[in-house]
Amino acid sequence: MHQALFLPEIAHNIFEFLNPFISGPEGSHQPNPLRLQDLAAVATTCHALSGPALDVLWDTQLCFGPLLLCLPPSLVQVRVRVYGPGSDDSDSEDYEDSQYEDRRVRLIRNPVPSDLLRMLPYARRIKWIGLPKAKCRWPLPHTFTIPNYITNWLLSVYPMELFLPLLTHMHCPNKVTMDESDDTEDVDISLAPLSHTNLTSLEFYPAFDQKVEGWPSFPILVNDLPQLRRMILHGKA
């Protein structure tokens, strides 16, 4: 191996071209799944390349799903349900034109400290949770449906300045519609644990309160996240 690759900065710059979420494919409208697979393979080759490769691989995530899947199978479960043509689901009429795959994350039991440590080496590398910064010229992979109460648990189990020290942008999804297999109702995301992090950009769906004729989440955000510099708001359909 060339000696230049032992410099983390050089290896990091090279590996960024293998991650389409960061660099974006040039002249192509189709994703190249081998790019992320090659990056994951590089991360397992040797100690010198593992760190920079993992930094680039985990830099941008569409959601917290991949991080939660670092937990053991005895703790986390993914339930897959397909809606649309050819599906037997009663809600499929909402997806008449094409199929939609819902991959919902569930926690089976309460974690123990050793379970949580499995996420730490990867969580501390994440800088961006949401749509990639690179221009999307390709269909994005399916994300996971994660109830907000699981996100709240994830943000509270470890000091965030140590767990997500590099996180600068986060997309907060809407509440999840729970089904008959869930024994709890979904809640609002609590962002207070992120107050001591580097989070400066937040993307979310503010709820309009008819009683107060306003958005009560705004003053809460100002109090909880004084370091915010940018907010991206989406209206509910």
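Values for this structure:
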| read-out | value |
| --- | --- |
| Amide hydrogen neighbours beyond the local backbone of Thr145, cut-off 5 Å, H modeled | Arg103, Arg104, Val105 |
| Environment charge at Cys70 (Cβ cut-off 15 Å; Lys +1, Arg +1, Asp -1, Glu -1) | +2 |
| Residues whose placed amide H lies under 5 Å from that of Cys63, excluding near-sequence neighbours | Gly130 |
| Distant-in-sequence amide H partners of Cys172 (H built 1.01 Å from N, under 5 Å) | Glu203, Phe204 |
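Just so you know, all these numbers are worked out from the coordinates, no wet-lab data involved. Owing to the predicted nature of the structure, the values given are computational and were not obtained by experimental measurement. Cβ: placed from backbone, ideal geometry, glycine included. Neighbour counts: every protein chain shown.
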